[in-house]
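The values are calculated or read from the model by the stated rules, or taken from the named source; none is laboratory data. None of the values given here were measured: they were computed from a predicted structure. For neighbour counting, all protein chains shown are included, and Cβ atoms are generated from backbone atoms with ideal geometry for every residue, glycine included.
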Amino acid sequence: MRVDAITIFPEYLQALDLSLIGKAARDGLISVHRHDLRTWTHDRHRTVDDSPLGGGAGMVMKPEPWAEAFAAVLAAGRAELGADARPLIVFPNPAGRVFRQDLAQEWSAREWIVFACGRYEGIDERVYEHLADEGHEVALVSLGDYVLNGGEVAVLALTEAIVRLVPGVVGNAASLVEESHSDGMLEYPLYTRPARWTDPSGAVREAPEILLSGDHGRIAAWRAERSAERTRQRRPDLWDARG
Ligand code: 6GU
């Protein structure tokens, strides 16, 4: 998978070189390309924003640097992947569709994703129209119902959620099956040794005895019950939406 990210803060995305995503890149499972939007400005101040037409607070990102950035980044991607490669262009945006595990799963099979990080109040609407007219697949996605200052933190979250599902990135694929949200439910509670633990206040806390029984059928049933109970209590929205 090739991942491009266009931003005015490429340093923000240096975290993609760390941990699991960094290792996936070093192993050749993904390649990550960060681009500074100001590369495609031509004035002394490298201006990427201007005041909103019609008035109002804040600033809007100008269309010209974005159009030039997409032309250059898409050409570079096609040079690597072939002329027929089709990118998914993703704009992190609090007004987008809420990103969920099913979308992470779907996008983990894409060959090429281009993230475009807006800042300020947003990007001139004609950039989206232009990309759609060129025949590109464009998606606006939100992390949830709150506002960040820009798309960079969202790109870190989105990339991690997607890339960890690329085959080979997470060593033990079975761990992706049991985790929260993989089946629309929250994960059951986890325990490890010691089975009998004295906490710092002196209270003795025992792990559930069934987990020591070796009876895999009963353990699976117990976990399914805990998972359902948690989901119903903590996330009634997920509980009501279960298939
Ligand atoms: Cl994807 N972007 C911004 N700027 N704010 C957000 C968000 C995204 N998701 C939640 N808040």
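Summary of values
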quantity	calculated
Subset of region 131-179 that is among the hydroxyl-bearing types (Ser, Thr, Tyr) and assigned by TED's automatic domain parsing to the domain that holds Asp27 - its residue that is farthest from Arg230 (Cα to Cα)	Thr159
Boolean, Arg97 is among the basic types (Lys, Arg), surrounded by fewer than 15 Cβ atoms within 10 Å (Cβ to Cβ), modelled with pLDDT of 95 or more and within 14 Å of the ligand (Cβ to nearest atom)	yes
Helices (runs of 4 or more DSSP H) completely within region 125-180 that count 2 or more residues being surrounded by 11 or more Cβ atoms within 10 Å (Cβ to Cβ) and away from the ligand (no atom under 14 Å from the Cβ)	125-133, 175-178
Set Gly243, Gly214: member being loosely packed, with under 10 Cβ neighbours inside 10 Å, at pLDDT 95 or above and either over 22 Å from Leu165 (Cβ atoms) or of a type in the set (Gly, Ala, Ser) (or both)	Gly214
Residues of region 1-53 satisfying the condition of being polar (S, T, N, Q) and either more than 13 Å from Cys117 (Cα to Cα) or in a helix (DSSP H, G or I) (or both)	Gln14, Ser19, Ser31, Thr39, Thr41, Thr47, Ser51
Top-ranked residue in region 58-93 [being assigned to a loop (DSSP other than H, G, I, E, B) and away from the ligand (no atom under 16 Å from the Cβ); ranked as nearest to Arg126 (Cα to Cα)]	Lys62
Ile219 being surrounded by 15 or more Cβ atoms within 10 Å (Cβ to Cβ) and not in a loop (DSSP other than H, G, I, E, B)	yes
Number of the exception - Gly243 against (1) assigned to a helix (DSSP H, G or I); (2) out of contact with any Ser or Thr (no Cβ under 6 Å at 6 or more places or on another chain); (3) within 21 Å of Ser180 (Cα to Cα)	(1)
Near pairs, Cβ below 7 angstrom, 6+ apart or cross-chain, from region 97-114 (under 18 Å from Ala154 (Cα atoms)) to any residue that is aromatic (Phe, Trp, Tyr) and assigned to a loop (DSSP other than H, G, I, E, B)	none
Residue in region 184-197 that is over 19 Å from the mean Cα position of the chain (by Cα) and under 30 Å from Gly28 (Cα atoms) present	no
Residue in region 70-82 that is in contact with a helix residue (DSSP H, G or I) (Cβ under 8 Å, 6 or more places away or on another chain), at pLDDT 95 or above, loosely packed, with under 15 Cβ neighbours inside 10 Å and not hydroxyl-bearing (Ser, Thr, Tyr) present	yes
Residue within region 65-78 that is more than 22 Å from Ala132 (Cβ to Cβ), free of Cβ contacts under 8 Å to residues at least 60 places away in the same chain, in the same structural domain as Gly151 (by TED's automatic domain parsing) and not aromatic (Phe, Trp, Tyr) present	no
